[in-house]
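The values are calculated or read from the model by the stated rules, or taken from the named source; none is laboratory data. If you're wondering where the values come from, they're calculated on a predicted model, not measured in any experiment. Here Cβ is always computed from backbone atoms with ideal geometry, including for glycine, and neighbour counts include all displayed protein chains.
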Amino acid sequence: MSASNTKVNLLDFSHEAMKEWFASTGEKPFRATQVIKWLHQMGVDDVAQMTNLSKPLRAFLQENAEIRAPEIVMAQQSADGTCKWVLRLADGNAIETVFIPEEDRGTLCVSSQVGCALDCTFCSTARQGFNRNLTVAEIIGQLWIAKRTLQQDPKGERAVTNVVMMGMGEPLLNFEPVVSALRLMLDDNAYGLSRRRVTVSTSGVLPAMSRLADTLDVSLAVSLHAPNDELRNRLVPLNRKYPIKDLLAACQSFLDKKDTQRKHITWEYVMLDGVNDTEQHARELATLLQGIPSKINLIPFNPFPDTRYQRSSNNRIYRFRDILQDSGYTVMTRKTRGDDIDAACGQLAGEVNDRSRREIHFARIEQGH
Ligand code: SAH
């Protein structure tokens, strides 16, 4: 093993974990806070730059720790300003992170796993299969890299104000590392993002949703995509394990938690032509969500090679939206951003060393086996 493999990675530490580690080496907790600030507020990549630390502490860190983020192997910018970074991990896998600049905000779409195990039929990440969970350093490293890169941008003024855990993977199936990374996003000594601007998106992993409700005050988005179990079972296979009725109950208790700022659930609904986008579906959805404070995000389907689905026409999307709006819901139709660089929702693929052999499975299906 080379020396660098035995060093701890400072990006793997939550603020709390850093305090504990420092305590175990006889350092004061405020030293941990200083290091967290250097790493995440200032974005330094070298302990030598942490000038307010004592010399012995700096020497100790140089000896025993390193600052290792994923490596940018490709940066692409879309005509609409969306940036996609392909990041190479130490084991050779690649993941993707997307930055979406808008007038009043800059949203970073962060990945939580290498690939995804959930197998939603309309998502290209699912096609790649699943390899492994990301570490804290690999999750927070995406924000660390984005912040440093955007700071260096000569056009300037672009900052990450919002994070959505809507990249590759199911964040709630990688619970602890995701929560540690989220804590750093919210921590005033690190990124200081408001809890309303940090969103976990899930396909509905119910036990982890209730754990999250008790653990951390962040916003929740749920990938619903269908107004009944029969259809959702086909689009989001996880629904067979956790059906809609239980999902809605879990969402309600998420909102009911005391002492939180949670006001609503954001529902994501991908618009698939002729599959889930009829007026009847819209009415069924309006009835289903009655009583739950909701915002509904309609996402025009983003195609990828060999998919069996097509995007709903704008007219169908408008009709669907109008029915929901007439029933009193706030509805956003997500603009398709970055699709010229395959950075749009469901197009993130990275390069996954698939261990679930899903590519083979799909190849067999396509050959009629
Ligand atoms: N696993 C989590 C996080 C991924 S989020 C979740 O399911 O919520 C990515 C969002 O984009 C989800 O709402 C997902 O359903 C949606 N999506 C996936 N494939 C898509 C596609 N091809 N076009 C549009 N949206 C898609």
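When 58, 68, 31 are checked against the criterion of being in contact (Cβ under 8 Å) with a residue 40 or more places away in the chain and of a type outside the set (Gly, Ala, Ser), a single residue qualifies: 68.
For segment 261-307, taking the residues that are more than 9 Å from the ligand (Cβ to nearest atom) and acidic (Asp, Glu), the one that is surrounded by the fewest Cβ atoms within 10 Å (Cβ to Cβ) is identified as 306.
Of the listed requirements (1) farther than 17 Å from residue 201 by Cα; (2) in contact with a helix residue (DSSP H, G or I) (Cβ under 7 Å, 6 or more places away or on another chain); (3) among the hydrophobic types (A, V, I, L, M, F, W, C); (4) assigned to a strand (DSSP E or B), residue 61 misses just one: (4).
Do we find that residue 79 is in contact with an Asp or Glu (Cβ under 7 Å, 6 or more places away or on another chain) and either touching a residue at least 40 places away in the same chain (Cβ under 8 Å) or outside any strand (DSSP E or B) (or both) in this structure?
Answer is yes for this residue.
Look at segment 298-313: where a residue is hydroxyl-bearing (Ser, Thr, Tyr) and a partner is outside any loop (DSSP other than H, G, I, E, B) and more than 10 Å from the ligand (Cβ to nearest atom), sitting 6+ places away or on another chain with Cβ atoms under 8 Å, you get 312/320. Listed conditions (1) polar (S, T, N, Q); (2) within 21 Å of residue 181 (Cβ to Cβ); (3) in the same structural domain as residue 146 (by TED's automatic domain parsing) are all met by residue 82, apart from (2). Applying a threshold of 7 Å to beta carbon distances and a minimum spacing of six or more residues, or different chains, the list of pairs starting in segment 273-293 at a residue that is closer than 18 Å to residue 312 by Cα and ending at one that is basic (Lys, Arg) reads 273/311; 277/316; 279/319.
None of 20, 27 is acidic (Asp, Glu) and assigned to a helix (DSSP H, G or I) except 20.
How many of the residues in segment 295-321 are out of contact with any helix residue (DSSP H, G or I) (no Cβ under 9 Å at 6 or more places or on another chain) and closer than 24 Å to residue 199 by Cβ? Final tally of qualifying residues: 5. The requirement of being in contact with a strand residue (DSSP E or B) (Cβ under 7 Å, 6 or more places away or on another chain) and either closer than 19 Å to residue 69 by Cα or crowded, with 21+ Cβ neighbours inside 10 Å (or both) is fulfilled nowhere in segment 151-158; no residue meets it. For segment 16-31, the set of residues classified as more than 27 Å from the chain's Cα centre (by Cα) and either of a type outside the set (Gly, Ala, Ser) or under 20 Å from residue 191 (Cβ atoms) (or both) consists of 20, 21, 22, 25, 27, 28, 29, 30, 31, listed by residue number.
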